[in-house]
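Read-outs throughout are calculated quantities, based only on the coordinates presented, and are distinct from any laboratory measurement. Quantities reported herein were computed from a predicted structural model and do not represent experimental measurements. With ideal geometry, Cβ positions are generated from the backbone for all residues, glycine too; neighbour counts draw on all protein chains shown.
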Amino acid sequence: MIRGEWTMENSSHHIRDVTFSEDASTVHAGTAPRAMSAFRNLAIGTLKILGASNIAKTTRAISAEPERALPILGINHQPNPSGS
């Protein structure tokens, strides 16, 4: 049981570090590092719940087309054809 917990923790840290470059973050003041870690964990957890098997690949796809994240967050985006 303990090994399983460490496996999950190591996997989570690996995803946060490799995909989100957590160890290279320049956010160091106050509670900001803890908040950023929480946001990263939220993103990873949300993508896993939605069935993403490769977090890095899914993150790159969303990064290339940010509007893809809106339905995940429950936001319906209807672009205005007039551009405003």
(message) Give me the extension gain from residue 54 to residue 17: residue separation times 0.36 nm, minus the current Cα-Cα distance, reported in nm with one decimal.
(response) 11.9 nm
(request) Between residue 78 and residue 61, with labels modelled 7 Å along Cα→Cβ, what's the label distance in nm to one decimal, could you check? (result) 2.6 nm
